[in-house]
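Below you'll find the structure, written out as structure tokens, and then a few comments.
None of the figures in this text is laboratory data; all of them are computed from the coordinates on show. Here the structure is a predicted model, which is why all the values come from computation and not from measurement. Here Cβ is always computed from backbone atoms with ideal geometry, including for glycine, and neighbour counts include all displayed protein chains.
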Amino acid sequence: MRTNLDPARLLPSDPALRAIAEELYSSVAGLPIISPHGHVDPSLLVENKPFANPAELFIFFDHYVTRLLHTQGFGLENFGKGAAGASADPREAWRILCSNWHMLLGTSSGYWLTHEFATLFGINEAPSAENADRLYDLIATELLEPRMLPRALFESFNIEFLATTDDPCDDLAGHQALAADPTFKGRVAPTFRPDAYLDPRARNWVANVDRLLAVAGESSRNYAGFIRALENRRAYFKANGAVSCDHGVLEAYTTILTSETAADLFDRALAGTITAHEQREFAGHMLAEMARMSTEDGLVMTIHAGVVRNHSTATFSKFGPDTGQDIPVAAEFTNNLRPMLEAYGLHPNLTAILFSLDETTWSREVAPLAGFYPSVRIGAPWWFLDAPDSATRFREATTEIAGFYRGSGFIDDTRAFLSIPARHDMARRVDCAFLARLVAEGRLTLDQAKKVAVDLVVDIPRKAFKL
Amino acid sequence: MRTNLDPARLLPSDPALRAIAEELYSSVAGLPIISPHGHVDPSLLVENKPFANPAELFIFFDHYVTRLLHTQGFGLENFGKGAAGASADPREAWRILCSNWHMLLGTSSGYWLTHEFATLFGINEAPSAENADRLYDLIATELLEPRMLPRALFESFNIEFLATTDDPCDDLAGHQALAADPTFKGRVAPTFRPDAYLDPRARNWVANVDRLLAVAGESSRNYAGFIRALENRRAYFKANGAVSCDHGVLEAYTTILTSETAADLFDRALAGTITAHEQREFAGHMLAEMARMSTEDGLVMTIHAGVVRNHSTATFSKFGPDTGQDIPVAAEFTNNLRPMLEAYGLHPNLTAILFSLDETTWSREVAPLAGFYPSVRIGAPWWFLDAPDSATRFREATTEIAGFYRGSGFIDDTRAFLSIPARHDMARRVDCAFLARLVAEGRLTLDQAKKVAVDLVVDIPRKAFKL
Amino acid sequence: MRTNLDPARLLPSDPALRAIAEELYSSVAGLPIISPHGHVDPSLLVENKPFANPAELFIFFDHYVTRLLHTQGFGLENFGKGAAGASADPREAWRILCSNWHMLLGTSSGYWLTHEFATLFGINEAPSAENADRLYDLIATELLEPRMLPRALFESFNIEFLATTDDPCDDLAGHQALAADPTFKGRVAPTFRPDAYLDPRARNWVANVDRLLAVAGESSRNYAGFIRALENRRAYFKANGAVSCDHGVLEAYTTILTSETAADLFDRALAGTITAHEQREFAGHMLAEMARMSTEDGLVMTIHAGVVRNHSTATFSKFGPDTGQDIPVAAEFTNNLRPMLEAYGLHPNLTAILFSLDETTWSREVAPLAGFYPSVRIGAPWWFLDAPDSATRFREATTEIAGFYRGSGFIDDTRAFLSIPARHDMARRVDCAFLARLVAEGRLTLDQAKKVAVDLVVDIPRKAFKL
């Protein structure tokens, strides 16, 4: 750690609470990182090349950051997006970030970046218009050091397990290369993410289905073949180390159709004669089908519900997806998941972890469901809510209803490889602060809190993801 | 009190806040318990028999607890449920609880049980696989002591008023026996709970209606007779001490139909020719009818809205209701209650207390309604939300909008007789902690806070329930 | 300041936090007040007459207060409302308030009034039945002092900018008089509030439209003329100093119709042949039209969504609007605003500030929208939520997602002229308390927090409202 970050950051200021929190934190600070859901590109570790420059590392692929700069009138082409983005000047992008640093104050992005700048580069000053060029040069120079290569960072980050997120048609060559490489000791697993195949409303769904059938070597272009192809690819992913399937859906709607109805809707979806209502029915049926397959192959389901993707069509057309314009909506789990849980919720092989951007569902629906169904677990605070105060609200909302042991463990869900330690460290601090309060309020003994703190980091994610 | 529980538990750790909170708490800790809504069986007090064993006392009838054990794969038959449950071994059930004690850490159930074990049996160690048998024997022995008989506990708990919840056809013999018994000094009142009669979607609704008509001595099997029968039973309950009617509904939907329409829907509901939409209309009309009757007989309405009961049909079929699988959904009061409040909301005889499992409604709908309508009061945090952090959020959400005096007072709503003191004590501590903060922040004087703390325990529930 | 109010009121009690919060607060306490949205009547400043009496000043026009007295059975006629209200006795109304002071404990109204009584009249005792007459006389006497004249207060309050809210047909004579008066130094601006003209469901919509056309000198009674009339009045408001348009809507629904469809719906709305669905479509189209006009004239949009106005028809019929019976409902922005934002959300001239009474939208929808669209800003906590704990939740909900600089700055939104300093002071204290915690938790440096504290008061409202 090359930093003068406050060693007690995020811990409570009250001296009695802080002492307890520090004691708890000291027992988890050095534990390895388990990252069972995220978006790091495996080629990063396969190729193990130096990061190109500070902007590409910290800005171009972080739409949490670029969206806030976008509010100040800076077009996304400045940050490498779209056709015009190809000629974006990384130093100029970095200057924009530094000159607008006040926009990130108090945000989780600001917190991660401050942590990364401090711990990786020894930077202990806030970026500004004045120091932008100096910081750029400092980071650019350091990026050439061997310790900053992806694999070296993987080791120094103490990552025990890292899951990527992958298209069902991916050949997983990167994962195979890593597994076959005796010089790489880490465990990196793919995750099966079939959204684009399950929902006829997905962009290019017909082409996606045809590609899936082809990759799976499936010749029947019908519902039975489609199901076989999905099962085939799940088996392929599992054989290549996958432990889970991820489902990013607008709503967690499930339903169970008869095979005949499903087959009919599938055919009409391919033919383009399916109605909007039927599309939703088919997508809901396929989400339940994923649960059915999980009862057979044991892959864990993670369900991320409640986001309107690409809210600004103009931005999407010009700059594509993942450009900071995915906006949450109210979520519902109790009724939406009922058909799936009625069918498979008591099956010992099923684990379904529910992630929500609608925090009202934490105490109202998710914790009560996870407090009864052996198959349901509470997903950690996600995306916009993966931040200190939100994570505190998460514990406050779920613990009294379902305790600590029905959760998923912390999930970083990030593309930003360098932010992984900052994120897990934040979660550990927030949890220790929360536990310290329960100890101070006579609700847990210190020994109980210590055990919970460690279990949250190690045991619980291992059990949740069957590691 | 045979316990070394932290005497300052649940109070703030900051020394300035704690001193104020302790001063406030000391003035309410010993006040009698008013319990105007709950689910204790009156036969418990009529028969006054020793509790059978630790498992029956603490596990078999507490679905807050069994649901968490259920998530660990223990079938509910282990806890006395269903046909197989008849032969459940109480000692084995107790072992399961103790061996899985970590599941309850941080939960309200864990808090109640710890409080009960400590104050009633002097147990100050956490249950575990190792001490399970010893604790079982210790409790089983103590249960034979005269001080552990229900009536002795009723007195030592210092219960001033206890309401049960009863079927409209109940003859209330238990209540009459208690009232007639000169050796029992407590006040125990029935509560009229007509859900199964008001909503044609209720299980066995037709049989329920026929039984109601018979019990009320009503010969007209039509809407007018149905209304007379309900009025008759309300009068019977009131004559037997009832102060309120309780309504547990999926949604707080109300509407006011013409008598002709209501009569037509009633007939068609009996005949089985009513539509789903009309069933909802009729149920909404009957909820408003209950308000109309309240303006006449003065019985307080408590409305508990927003739960999908028996979410897992497989569990319900095997183990019945109240088995931990009732899951909340989003609630709505502003529009749903409007027809009822338009008609009766300004009537001086009406009191409608709104309980919600959707905490978003506290600041958005419930407190604003209670801040205007003389008839509307804010129900205390209920069920999953009856816990320290949730109760704190409740005060934070409602006080700035409607103050302290538009609430119901604390409601324990419990089947678990032994948990009543723990629950009321928790509420008093949480309220004192909240009030202490307002004092420290210069928002209340200490004298004002002291008055409020006492009123929350005594005056407010008495006024809310017209005691 | 004639008061012994706690100088550290609303600041955290923890000594470490308090020291930081006090340092931050000291740098903003004396800054001028910018009030870019509110409901003060400009004639107050034009006429500059003494306030009539304590009841008229503090009760008759404050439906936050009268609603709480109403819950105690005091009819609104006691507070000057309705036909019977004309003869309301101000001293008797004041006695009712003082005798029921406990109803206001913990509420924001109670906080404002305590602040006003203390700072303006040196009253440091809680109102009660006993002191009611004495306090009445004390205040009544002070109200005759020159320092208590509206203009003198405007100056002593240190108001830099005050916006009123005005009907589009208003001739703004009051504003013109103030602007032309060399003895009045303040800046007072009108705000264009066209709700009653944009939504065919508004009371007397047809008459409203005809008046608008007449005032705008527009002879074409059709959609094109209607649009021209609105543009004409916006221009008139802008020429008279307006910086914003305010939209109070049940839902923030927007849609964009073709001119032909809009013209057809307009004609049929005038003719009374429009359906309920079409009324909503037309209103949604007109809200989007306001955004279109804003891209042309640069007036800021403030959108206040999610209230059922006049919930009790009996009360409305007898006492009119703004009588404490406006009740919030769940709000939605992500989908509702999408058509408007798709069309105009990236336009550099548009600013749309979103105010919500449904606090669940803060983290779920409003902050994410404001974190991407340059045109969207987060409205300060509004109405029922304009209070210390709610404002703290607002910061906690929005800051991690969108930082501090995507907000509106504090908005008092009040009719109660005398409460303006108390409200702005409260907001400053709450923000300093929040910032102090971030500093203590190592999330901001003290220097960063100081800068943010000042920007929240000065820079941010100026930018948000283009002052």
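A simple spin-label model places pseudo-atoms 7 Å from Cα toward Cβ; at B:Thr258 and A:Arg415 they are separated by 6.2 nm. Considering only C:Ile159, A:Phe121, C:Ala189, whose Cα is most displaced toward the positive end of the charge dipole of the protein assembly as shown, charges sitting on Cβ of Lys, Arg (+1) and Asp, Glu (-1)? Result: A:Phe121, furthest along the dipole toward the positive end. Overall, the anisotropy analysis places segment C:351-467 in the rounded class: the square-rooted eigenvalues a ≥ b ≥ c of its C-alpha gyration tensor yield a/c less than 1.5. Straight Cα distances below 21 angstrom link B:Lys185 to the lysines B:Lys49, B:Lys238, B:Lys466, with same-chain residues fewer than 8 positions distant left out. Sequentially through segment C:431-448, phi angles give Karplus couplings (6.51, -1.76, 1.60; θ = phi - 60°) of 5, 5, 5, 5, 4, 4, 5, 4, 5, 4, 8, x, 9, 9, 7, 4, 5, 4 Hz, Gly and Pro residues having no value and appearing as x. Residues B:Asp210, C:Asp425, arranged from fewest to most other Cβ atoms within 10 angstrom of their Cβ, appear as B:Asp210, C:Asp425. Counting only other chain Cβ atoms within 10 Å of each residue's Cβ, the peptide A:320-330 averages 5.
Our coupling estimate for segment A:83-89, obtained by passing each phi through the Karplus curve with A = 6.51, B = -1.76, C = 1.60 and θ = phi - 60°, is 4, 5, x, 4, 9, 5, 8 Hz, Gly and Pro reported as x. Take the Cβ atoms of B:Asn124 and B:Lys463, set R0 to 45 Å, and the FRET efficiency comes out at 0.70.
Taking amide H as placed 1.01 Å from N in the peptide plane, A:Glu251 has its amide H under 5 Å from the amide H of A:Gly306, each at least 5 places away in sequence or on another chain.
Can you tell me how chain B classifies by the Cα gyration tensor, rounded, prolate or oblate, using a/c under 1.5 as the rounded cut?
Details: a/c = 1.69, a/b = 1.24, b/c = 1.36.
Oblate.
In this label model, B:Lys185 and B:Leu144 are separated by 2.9 nm, measuring between points 7 Å along each Cα→Cβ vector. Over what distance in Å are the Cα centres of segment A:196-273 and segment C:382-405 separated? Centre-to-centre distance over Cα atoms comes out at 43 Å. Per-residue Cβ neighbour counts within 10 Å put C:Leu68, C:Leu418 in the sequence C:Leu418, C:Leu68, beginning with the fewest.
Just to verify a number: FRET efficiency for C:Thr445 and C:Lys49, C-beta to C-beta distance, R0 = 45 Å, to 0.05? Intermediate values should be presented prior to the final figure.
Values: r = 50 Å, r/R0 = 1.11.
Using R0 = 45 Å, I get an efficiency of 0.35.
Need one number: % antiparallel among DSSP beta bridges in the protein assembly as shown, to the nearest 5.
Details: 6 of 72 bridges.
Expressed as a percentage, antiparallel bridges in the protein assembly as shown total about 10.
In this structure, the amide hydrogen of C:Ser27, modeled 1.01 Å from its nitrogen in the peptide plane, lies closer than 5 angstrom to no residue at least 5 positions away or on a different chain.
The H on the amide N of A:Gly407, modeled in the peptide plane, is under 5 Å from the matching H of A:Ile378, each at least 5 residues off or on a different chain. Karplus-derived 3J(HN,Hα) values for segment A:178-195, using 6.51 cos²θ - 1.76 cosθ + 1.60 with θ = phi - 60°, are 5, 5, 7, 8, x, 7, 9, 9, x, 9, 10, 10, x, 10, 7, 10, x, 3 Hz; glycine and proline are entered as x. Between segment A:54-72 and segment B:414-434, the alpha-carbon centres lie 49 Å apart. With label points built 7 Å along Cα→Cβ from the Cα atoms of A:Arg203 and C:Asp297, find their separation and express it in nm. Result: 3.9 nm between the two label points.
Roughly what % antiparallel, to the nearest 5, for the DSSP beta bridges in chain C?
On the way: 2 of 24 bridges.
That works out to approximately 10 percent antiparallel.
Sort C:Lys81, B:Lys238, B:Lys466 so that the residue with the fewest other Cβ atoms within 10 Å of its own Cβ comes first and the one with the most comes last.
Numbers: C:Lys81 23, B:Lys238 18, B:Lys466 13.
By the 10 Å Cβ count, ascending: B:Lys466, B:Lys238, C:Lys81.
Might you report the magnitude of the Cβ-based charge dipole of segment B:158-464 about its Cα centre, with Lys and Arg at +1 and Asp and Glu at -1, to the nearest 20 debye? Please report the intermediate quantities before stating the final value.
Working: 32 positive and 40 negative charges, 109 e Å.
Taking the Cα centre of segment B:158-464 as origin, the dipole is about 520 debye.
Remark: the Cα gyration tensor places the protein assembly as shown in the rounded category, a/c being less than 1.5. Cross-link reach is defined here as a Cα-Cα straight distance under 16 Å, omitting same-chain residues fewer than 8 places apart; for C:Lys81 the lysines meeting it are C:Lys318. Cβ-Cβ distance of C:Ala86 and C:Ala173, R₀ of 30 Å, FRET efficiency by 1/(1 + (r/R0)^6): the value works out to about 0.70. Take the Cα of A:Glu23, go 7 Å toward its beta carbon, and the backbone nitrogen atoms of segment B:4-39 under 20 Å from that spot belong to B:4-15.
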